[in-house]
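Engineer: To start, I am sharing the structure in question, which I have written as structure tokens.
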Ligand SMILES: Nc1nc2c(c(=O)[nH]1)N[C@H]1C(S)=C(S)[C@@H](COP(=O)(O)OP(=O)(O)OC[C@H]3O[C@@H](n4cnc5c(=O)[nH]c(N)nc54)[C@H](O)[C@@H]3O)O[C@H]1N2
Ligand SMILES: Nc1nc2c(c(=O)[nH]1)N[C@H]1C(S)=C(S)[C@@H](COP(=O)(O)OP(=O)(O)OC[C@H]3O[C@@H](n4cnc5c(=O)[nH]c(N)nc54)[C@H](O)[C@@H]3O)O[C@H]1N2
Ligand code: SF4
Ligand SMILES: [Mo]
């Protein structure tokens with residue numbers, strides 16, 4: 001039988017690697033490196049997840065038919081029904097709920113696991129139904145750094161292509177573990193820059209990982225206390241007058257207010273809070289100010305309630321050291337999943353239009369109403385955590401596509417209780433997830449590899465991925481499910497699509513930054529283009545060369561204040577608990593747990609605990625321990641290791657970690673406290 005090589009974008013992380021799926025009769029045999037396109041990101045390499053990426057689509061656990069719940073919520077009893085019946089029930093319930101409570105009782109969840117086209121369609125359908133309650137699990141992802149960079153630079157996307165890392169002199173890796181979460185970026189760019197070009201690295205992380213071994217300086221703050229470190233760095237750079245005076249003078253505003261706001265935050269003050277020595281803070285500040293520095297900032301920074309202030313401080317630091325708007329530096333949000341930008345750039349948020357404008361902006365709304373042909377609600381909807389809080393109250397129905405919030409949202413015990421309170425829940429997924437257990441209707445979606453669509457990597461590279469396999473049973477691509485449902489809801493005239501190309505063409509005309517990313521250009525150029533791309537072509541490789549995206553073109557430095565983490569260890573809960581990702585697993589395990597080669601190598605969770613703390617607790621490696629916070633407890637095996645600092649314990653985030661985290665949110669960004677809570681550990685006798 002003939003083998004076909006189909007070009008595919010890797011379905012996992014936002015490095016955006018490409019490869020060929022070797023397809024035989026709609027079945028994928030293996031993946032092969034793409035050596036034909038030298039300008040693609042991965043330059044012929046893949047990580048363990050990339051190599052195993054097609055395995056989960058062949059899992060016998062895949063959903064194959066629409067399901068209707070017949071047992072109690074959470075029990076897992078479903079019966080198979082036809083698509084016709086499923087659409088019928090959903091349509092009826094949407095109409096009923098709209099009539100009884102109004103469209104503002106309905107909320108939609110989109111996803112960074114589905115394509116640009118699919119995100120756009122979900123946004124369009126939610127607006128057609130009349131609701132702005134729209135969000136995605138990415139709310140727990142970049143929503144500190146993104147609003148902070150928008151406040152300072154007017155836009156938050158990464159400034160430079162990955163290749164620029166080789167031209168830096170220093171790379172700051174802050175709350176990020178690229179060796180495991182962006183492995184090909186690490187191997188092909190960061191490690192090469194260090195080994196071949198002598199680029200130095202500073203790491204800020206309470207843990208040590210394989211990738212951190214190159215660091216010339218490793219700062220280990222207690223989780224959630226990085227803000228003190230960043231404020232003290234600003235204090236040093238300003239007091240010692242080692243900032244870029246010309247850059248500050250010509251390209252920024254607000255310097256005096258910033259100076260005033262950080263004047264009391266000395267390194268000695270920060271040492272008491274964070275446990276990082278004042279000397280190390282001074283050293284790091286000096287290195288950053290003196291060198292062409294790239295900043296790789298990720299979830300260790302983002303996932304805190306004080307992550308917004310921390311991200312503002314880091315953005316200020318980048319600006320006053322002049323490390324932006326030129327070759328050889330890199331900074332910006334790092335959307336973790338292959339389609340994080342697809343959600344963000346189609347306005348998947350409670351206050352946005354797909355054009356990126358605000359729902360409250362009348363002129364922008366009117367313009368889109370003209371293009372789409374139906375009215376758009378003008379009120380600001382709920383973010384994901386508020387939706388969960390309001391389930392059974394203001395929110396009566398949810399339609400969730402490709403998100404598993406029963407495991408990925410903070411305080412899982414509470415989330416599950418809330419899910420029970422919904423009048424009606426639709427879950428559209430490729431597996432029967434923990435969240436689907438609470439659904440009334442479950443719709444089987446075609447997976448990555450089984451559909452054509454567009455992905456966008458962390459370097460703003462827009463790339464097409466093509467269908468290489470047939471979906472199992474009656475599973476359908478998400479875009480098609482939305483189109484068919486829209487027809488049932490009498491919105492057929494606004495959803496006349498029979499192929500993702502047609503949706504992409506509409507996106508080209510509606511969303512200005514994607515104007516040039518046409519289906520034809522992307523098909524001819526597998527290496528894609530960098531958005532913003534106003535015409536077919538390479539697009540914009542470096543941002544801010546001619547000024548920032550603010551009204552006056554300058555960076556608006558923001559004054560920043562110290563803000564305590566919401567929970568601080570005490571005598572009852574004496575440890576700082578944080579979490580991290582493993583190279584071989586993906587978030588809530590639905591996909592990597594169904595990938596035999598990954599599951600075999602990364603079989604279970606464990607608790608990292610420092611040898612000194614282990615001695616006090618009387619525990620050894622492999623002992624069973626109970627980890628508790630004020631929300632809940634879980635049982636795990638201990639791993640006694642120097643790779644986590646004293647006073648801190650850490651757990652992978654793929655299993656039950658979120659039974660322990662905190663659902664409190666930041667008033668503006670709505671980010672929850674996902675990475676720093678107070679915990680205790682007890683040995684369990686077996
Ligand atoms: N293998 C794999 N790769 C992935 C993913 C996956 O699930 N699996 N998910 C993707 C997604 S969506 C994302 S967003 C990215 C995330 O990518 P990363 O941000 O790299 O992911 P994490 O491992 O969660 O966190 C990074 C580091 O933050 C540290 N950390 C924890 N708390 C703190 C703190 O308070 N301060 C500091 N400075 N550091 C802290 C952790 O020890 C960890 O080493 O990964 C993407 N890539
Ligand atoms: N404590 C803590 N919590 C965290 C994090 C953390 O570091 N610590 N990280 C946060 C971050 S950064 C993120 S991005 C979120 C992720 O949170 P989620 O997005 O909720 O987690 P995933 O497991 O990636 O869920 C994706 C779902 O999509 C399904 N899926 C995959 N492909 C398709 C498809 O083509 N179609 C359909 N319909 N379904 C599909 C999968 O089976 C899975 O159920 O978790 C957040 N939660
Ligand atoms: S680095 Fe990310 S995109 Fe590349 S192969 Fe690994 S998981 Fe896939
Ligand atoms: Mo993420």
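Engineer: Across the range 127-152, what is the total count of residues that are under 15 Å from residue 316 (Cα atoms), touching a helix residue (DSSP H, G or I) at 6+ places or on another chain (Cβ under 7 Å) and assigned to a helix (DSSP H, G or I)?
Structural biologist: Residues flagged as under 15 Å from residue 316 (Cα atoms), touching a helix residue (DSSP H, G or I) at 6+ places or on another chain (Cβ under 7 Å) and assigned to a helix (DSSP H, G or I) within the range 127-152 amount to 6.
Engineer: Could you check how many residues of the range 224-250 are surrounded by 17 or more Cβ atoms within 10 Å (Cβ to Cβ) and part of a helix (DSSP H, G or I)?
Structural biologist: Number of matching residues: 15.
Engineer: For the range 336-363, which residues satisfy the criterion of being within 16 Å of ligand 4 (Cβ to nearest atom), out of contact with any strand residue (DSSP E or B) (no Cβ under 8 Å at 6 or more places or on another chain) and closer than 24 Å to residue 556 by Cβ?
Structural biologist: If the condition is that a residue be within 16 Å of ligand 4 (Cβ to nearest atom), out of contact with any strand residue (DSSP E or B) (no Cβ under 8 Å at 6 or more places or on another chain) and closer than 24 Å to residue 556 by Cβ, then 344 is the only one that fits.
Engineer: Taking the range 153-166 as the search range and keeping residues that are in a helix (DSSP H, G or I) and touching a strand residue (DSSP E or B) at 6+ places or on another chain (Cβ under 8 Å), which one is nearest to ligand 1 (Cβ to nearest atom)?
Structural biologist: Checking each candidate, the answer is 165.
Conditions (1) touching a helix residue (DSSP H, G or I) at 6+ places or on another chain (Cβ under 7 Å); (2) under 26 Å from residue 459 (Cα atoms), marked per residue:
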{"site": "5", "(1), (2)": "no, yes"}
{"site": "11", "(1), (2)": "no, yes"}
{"site": "15", "(1), (2)": "yes, yes"}
{"site": "25", "(1), (2)": "no, no"}
{"site": "30", "(1), (2)": "no, no"}
{"site": "37", "(1), (2)": "no, yes"}
{"site": "40", "(1), (2)": "no, yes"}
{"site": "49", "(1), (2)": "yes, yes"}
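Engineer: To continue, here is another question. When residues of the range 325-356 are filtered for being farther than 22 Å from residue 177 by Cα, away from ligand 2 (no atom under 16 Å from the Cβ) and either in the same structural domain as residue 265 (by TED's automatic domain parsing) or within 21 Å of the chain's Cα centre (by Cα) (or both), how many remain?
Structural biologist: Going through the range 325-356 one residue at a time, the tally reaches 8.
Engineer: Sticking with this structure for a sec: How about the range 481-500: which of its residues are in a helix (DSSP H, G or I) and surrounded by 19 or more Cβ atoms within 10 Å (Cβ to Cβ)?
Structural biologist: 481, 482, 483, 485, 486, 500
Engineer: Check the range 167-177 and report whether any residue there is farther than 24 Å from residue 530 by Cβ, within 16 Å of ligand 3 (Cβ to nearest atom) and assigned to a loop (DSSP other than H, G, I, E, B).
Structural biologist: yes
Engineer: Also, I was wondering about something else. Only residues that are within 16 Å of ligand 4 (Cβ to nearest atom) and under 22 Å from residue 232 (Cβ atoms): list them for the range 553-583, please.
Structural biologist: 578
Engineer: Next question. Away from ligand 1 (no atom under 16 Å from the Cβ) and in a loop (DSSP other than H, G, I, E, B): which single residue out of 7, 11, 38 fits that description?
Structural biologist: The match here is 38.
For (1) closer than 25 Å to residue 672 by Cα; (2) more than 16 Å from ligand 1 (Cβ to nearest atom), each residue gets a yes or a no:
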residue: 550; (1), (2): no, yes
residue: 571; (1), (2): yes, yes
residue: 604; (1), (2): no, no
residue: 610; (1), (2): no, no
residue: 632; (1), (2): yes, yes
residue: 638; (1), (2): no, yes
residue: 643; (1), (2): no, no
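Engineer: Next up: Looking at 537, 516, which is the one that is in contact with a strand residue (DSSP E or B) (Cβ under 7 Å, 6 or more places away or on another chain), surrounded by 15 or more Cβ atoms within 10 Å (Cβ to Cβ) and without any contact (Cβ under 8 Å) to a residue 40 or more places away in the chain?
Structural biologist: One residue alone meets the criteria, 516.
Engineer: Scan the range 377-389 and tell me whether some residue there is assigned to a loop (DSSP other than H, G, I, E, B), under 30 Å from residue 679 (Cβ atoms) and assigned by TED's automatic domain parsing to the domain that holds residue 499.
Structural biologist: Yes, the range 377-389 contains at least one residue that is assigned to a loop (DSSP other than H, G, I, E, B), under 30 Å from residue 679 (Cβ atoms) and assigned by TED's automatic domain parsing to the domain that holds residue 499.
Engineer: Considering every residue within the range 216-223, establish whether at least one is touching a residue at least 60 places away in the same chain (Cβ under 8 Å), closer than 23 Å to residue 324 by Cβ and assigned to a helix (DSSP H, G or I).
Structural biologist: No: the range 216-223 contains no residue that is touching a residue at least 60 places away in the same chain (Cβ under 8 Å), closer than 23 Å to residue 324 by Cβ and assigned to a helix (DSSP H, G or I).
Engineer: If I go through the range 594-631 residue by residue, how many of them are within 16 Å of ligand 3 (Cβ to nearest atom), surrounded by fewer than 20 Cβ atoms within 10 Å (Cβ to Cβ) and more than 16 Å from residue 180 (Cα to Cα)?
Structural biologist: The number of residues fulfilling the criteria is 2.
Engineer: Could you count how many residues in the range 51-78 are out of contact with any helix residue (DSSP H, G or I) (no Cβ under 7 Å at 6 or more places or on another chain) and within 11 Å of ligand 3 (Cβ to nearest atom)?
Structural biologist: Number satisfying all stated conditions: 2.
A quick yes/no check of all residues on (1) free of Cβ contacts under 8 Å to residues at least 24 places away in the same chain; (2) over 25 Å from the mean Cα position of the chain (by Cα); (3) under 29 Å from residue 161 (Cα atoms):
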residue: 15; (1), (2), (3): no, no, yes
residue: 35; (1), (2), (3): yes, yes, yes
residue: 49; (1), (2), (3): no, no, yes
residue: 58; (1), (2), (3): no, yes, no
residue: 68; (1), (2), (3): no, yes, no
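Engineer: Same structure, new question: For the range 112-123, which positions are assigned to a helix (DSSP H, G or I), away from ligand 4 (no atom under 16 Å from the Cβ) and surrounded by 24 or more Cβ atoms within 10 Å (Cβ to Cβ)?
Structural biologist: Correct list: 116, 117, 118, 120, 121, 122.
Engineer: Got at least one residue in the range 76-90 being surrounded by fewer than 17 Cβ atoms within 10 Å (Cβ to Cβ), free of Cβ contacts under 8 Å to residues at least 12 places away in the same chain and either outside the structural domain of residue 388 (by TED's automatic domain parsing) or within 16 Å of ligand 4 (Cβ to nearest atom) (or both)?
Structural biologist: no
Engineer: If you don't mind, there's one more thing I want to ask. Could you figure out which of (1) under 17 Å from the mean Cα position of the chain (by Cα); (2) away from ligand 3 (no atom under 16 Å from the Cβ); (3) in a loop (DSSP other than H, G, I, E, B) isn't true of residue 589?
Structural biologist: (2)
Engineer: Just wondering, is there one or more residues in the range 22-35 that are within 24 Å of residue 594 (Cα to Cα), surrounded by 13 or more Cβ atoms within 10 Å (Cβ to Cβ), at pLDDT 95 or above and within 16 Å of ligand 4 (Cβ to nearest atom)?
Structural biologist: No, every residue in the range 22-35 fails to be within 24 Å of residue 594 (Cα to Cα), surrounded by 13 or more Cβ atoms within 10 Å (Cβ to Cβ), at pLDDT 95 or above and within 16 Å of ligand 4 (Cβ to nearest atom).
The values are calculated or read from the model by the stated rules, or taken from the named source; none is laboratory data. Predicted model, so just to flag it, every value in this text is computed and none were measured. FYI the Cβ positions are ideal-geometry reconstructions off the backbone, even for glycines, and counts take in every protein chain you see.
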